[in-house]
Structures are given as C-alpha cells and as structure tokens.
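The values are calculated or read from the model by the stated rules, or taken from the named source; none is laboratory data. Here the structure is a predicted model, which is why all the values come from computation and not from measurement. Counting neighbours? That spans all protein chains shown, and the Cβs are built from the backbone with ideal geometry, glycine included. All accessible areas refer to the heavy atoms of the entire protein, side chains included, with ligands and DNA or RNA removed. Shrake-Rupley method; radii C 1.70, N 1.55, O 1.52, S 1.80 Å.
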Amino acid sequence: MTRWSEILEGALFPAVPVPFNESKPDFQAQEKYASWMATQDIDGVAVWSHIGRGLHLDKTTRAEVLKCWKKALGAGRKIIAGVGPSLDSSRDSFISSAMKMAEDAEDADFLLVFPPSGFIEQSNPDGMIVNYHKELAKSGKPLILFYLSPRIGGMEYATDVLDELLSMPEVAGIKMATLDSPILLQDTVTHILINHPDKAILTGEDRLYGYSLYRGCHGALIGMGAAFVDLQREMIDSWFIRELHEFLVLSSFVDYLAEVIFIEPLSGCTGRILYMLAYLGLIPESSSHDPFAPQITQVEKEFIKATVDKVRERLDASD
C-alpha cells in the first residue's frame, strides 16, 4: 500500500492561474511566470484547477498551459491537472466529458478530480459519484479528490461516499477546500486521519491555511501558493519541524494576504491573484485579467497593494 500521507508530507503545490490579456491567454506572460516559479522551492504545480479556470479553458489553451509548465519545471517536480466535465456538458455526458479532459492530461502526474456537482439532483447521486471517480481512475494516474465548497461550484460528500472513494487504491489523497467551514474541515480531516491514514490530505483552505496544517493536513495544493511562495514554504516547513513561534508569525503574514484575495465576491479570487502577481512584477498588469468573472475594482487593487507592501515590510523587519 502506497502511503501517500508520508510521500506528500510537507509538499507545496501552487494552484497556478493563467494570465489573460483581456479575453486571450498571454502565453508569453505565462512563460515568464512559470520560469520564476521554477526557481521556487515547490514540489510541483496544479494546472487547470479552480484558480486556473480549468473547466473554462478550451482544449488548445489547456494543452498550451500544460506544455508550458511541463517545460518550465522539468523532471523531478510533479504536475497535477484538474479534470472534470465541461461546463456545457449534459448530465448524461458528465463522465465522458471528464474522461476526454483526463486524456488531454496525459503529461500530468496526478489528476485533481472536480466534484460532479451536477449529479446532486439525480435519483442515485452517491452511486454516480463513485462511478465517475472509478471511470477516471482508468486513466492510470493517481487521483486527488476535490472537496470543494458548494458556494464555488463544488459539493459535500457523504461520509460513506468519501470512505468508498478513499478506499480506492488509485486515490492518492484529497484536497480540502471547504472555504469557510472550520467545523467541516475538522470533522472531515479527523475522519480521514483515523480511517484512511495512508491517504494524503492537502489543504486548499486559503483562509484557514496555517490552521488546516495544525488540524492535520499533510501539505498544500492551494491558490494562495501562486504568490509569496517562499513565505509559504517556510511556514509549512516550520510546522513540520515544530518551530511553532515561527510558524505562528509566518501564518499571520499568509493570513493577511489571503484576506485580500479570498473575499466576496468569491468569483474574483483569480483576478485578485493575477493582480497581485502583476504588482509583484511577475506578469504585466495588462495580463492580469480573468475573463470568466467580473473585473476587480480599483478599491480591491489598492487594498491588495497596501497589504503586499505591509507584508513585505514586516518580513524585512523579521529577517
């Protein structure tokens, strides 16, 4: 039995966005960003994720995104590709649509499985959910379940369904993204630690980042990881070597950043991350658009800039 909980302990996988110049992807900006990310202390990246707008991207764009990151990271670091049904697929074509996306992810190392929220209103949703994951397991790649909040297109899994999924040998672990439910996070993580100790629990809890590590997550697959990577690397490492004072200080800095990105309206989180990357000089500001959500406001931009400056100042003071 592969103990993914040990293999991925302390891992950091940024969920990376795609720079857009108005309505078109800016692959030159992406190459610049990917080259920078390749210099960071990461275990890999997640492409086509919720932050990466994977279900919105066409086949050609997805291919270019994956190719870029594969080239930039080289051998030794892993790529996790989000897969799921296309947004225009019918319930009858959910599985076949997701399977096509999985086929497009041939060069990825893991598949992050978007929850099939369209099954919720079916007469046997639990059976359909399990079958959906079993079909994707035929890809031959390790699967990472995606516990995504219903508020942003996900669904909550019943405990018996979660147990059946986590018992599958093809499942390496789960990404937790309950968004704003510490109780659900606590209960789910505790259940997995007790009943499925071999599975990796990766936090995607941007607003509960440090806390989710404290509560038992083994590593991170997270949108916040798209920027300030070194800060998060140090935070994760400090937790696992039990440098608790440093962990608390670093967690507070990460919280400051998350509190200007993952706010209402939640549809704007990708745009806010892209703008933060632009302010940090990692992509051009002209390429910081998210065409799949309303553009962020000038007030939000000023809030992001002020917070980035504040965190930089405090990090410099703490060195």
Quiz item: When the stretch 233-287 is examined, which residues are found to be of a type in the set (Phe, Trp, Tyr) and without any contact (Cβ under 8 Å) to a residue 40 or more places away in the chain?
Solution: Trp239, Phe247, Tyr275, Tyr279
Self-check item: Selection from the stretch 145-201 of residues that are more than 18 Å from Arg215 (Cα to Cα) and of a type in the set (Ser, Thr, Tyr)
Solution: Ser149, Tyr157, Thr159, Ser167
Exercise. Please determine, by comparing only the residues of the stretch 78-90 that are within 19 Å of Asp104 (Cα to Cα) and open to solvent by 30 Å² or more (accessible area, probe 1.4 Å), which one is modelled with the highest pLDDT.
Key: Lys78
Exercise. Can you run down the residue pairs with Cβ atoms below 9 Å, 6 or more apart or on separate chains, where the first is in the stretch 288-309 and more than 12 Å from Met276 (Cβ to Cβ) and the partner is open to solvent by 50 Å² or more (accessible area, probe 1.4 Å) and among the basic types (Lys, Arg)?
Key: Pro291/Lys24
Practice problem: Working only within the stretch 128-138, note down all residues that are over 13 Å from Ser167 (Cα atoms) and surrounded by 19 or more Cβ atoms within 10 Å (Cβ to Cβ). | Solution: Ile129, Tyr132, Leu136
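Output the residues belonging to the stretch 219-250 that are among the polar types (S, T, N, Q) and within 18 Å of the chain's Cα centre (by Cα). Steps first, answer last, please.
If we filter the stretch 219-250 for residues that are among the polar types (S, T, N, Q), which is where we start, we get 232, 238.
The one that is among the polar types (S, T, N, Q) and within 18 Å of the chain's Cα centre (by Cα): Gln232.
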Quiz item: Going by the conditions given, is Gly84 more than 19 Å from Thr203 (Cβ to Cβ), among the small types (Gly, Ala, Ser) and under 15 Å from the mean Cα position of the chain (by Cα)?
Solution: yes
Self-check item: Test: Ile201 is modelled with pLDDT of 95 or more, of a type in the set (A, V, I, L, M, F, W, C) and more than 19 Å from the chain's Cα centre (by Cα)
Solution: no
Quiz item: Between a first residue in the stretch 92-104 that is touching a residue at least 12 places away in the same chain (Cβ under 8 Å) and a second residue that is surrounded by 14 or more Cβ atoms within 10 Å (Cβ to Cβ) and β-branched (Val, Ile, Thr), which pairs have beta carbons less than 7 Å apart while being 6 or more apart in sequence or on different chains?
Solution: Ala98/Val83; Met101/Val83; Ala102/Val83
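Residues are listed down the side, and each one gets a yes or a no for (1) assigned to a loop (DSSP other than H, G, I, E, B); (2) without any contact (Cβ under 8 Å) to a residue 40 or more places away in the chain; (3) closer than 23 Å to Glu170 by Cβ; (4) open to solvent by less than 10 Å² (accessible area, probe 1.4 Å):
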site	(1), (2), (3), (4)
Thr2	yes, no, yes, no
Pro14	no, no, no, yes
Pro17	yes, no, no, yes
Ala29	no, no, no, yes
Trp36	no, no, no, no
Thr39	yes, yes, no, no
Val45	no, yes, yes, yes
Ser49	yes, no, yes, yes
Self-check item: Within the stretch 166-217, considering residues that are open to solvent by 20 Å² or more (accessible area, probe 1.4 Å) and among the hydrophobic types (A, V, I, L, M, F, W, C), the one nearest to Leu257 (Cα to Cα)
Solution: Leu208
Quiz item: Can we say Asp109 is among the charged types (D, E, K, R), closer than 19 Å to Leu8 by Cβ and touching a residue at least 40 places away in the same chain (Cβ under 8 Å)?
Solution: yes
Quiz prompt | Options Val260, Val254: the member that is in a helix (DSSP H, G or I), touching a Lys or Arg at 6+ places or on another chain (Cβ under 8 Å) and of a type in the set (A, V, I, L, M, F, W, C) | solution = Val260
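Tell me the residue from Arg233, Arg215, Arg314 that is over 20 Å from Asp43 (Cβ atoms) and out of contact with any helix residue (DSSP H, G or I) (no Cβ under 6 Å at 6 or more places or on another chain), please.
Arg314 is the lone residue from the list that is over 20 Å from Asp43 (Cβ atoms) and out of contact with any helix residue (DSSP H, G or I) (no Cβ under 6 Å at 6 or more places or on another chain).
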Practice problem: Give me a count of the residues in the stretch 183-229 that are basic (Lys, Arg) and touching a residue at least 40 places away in the same chain (Cβ under 8 Å). | Solution: 2
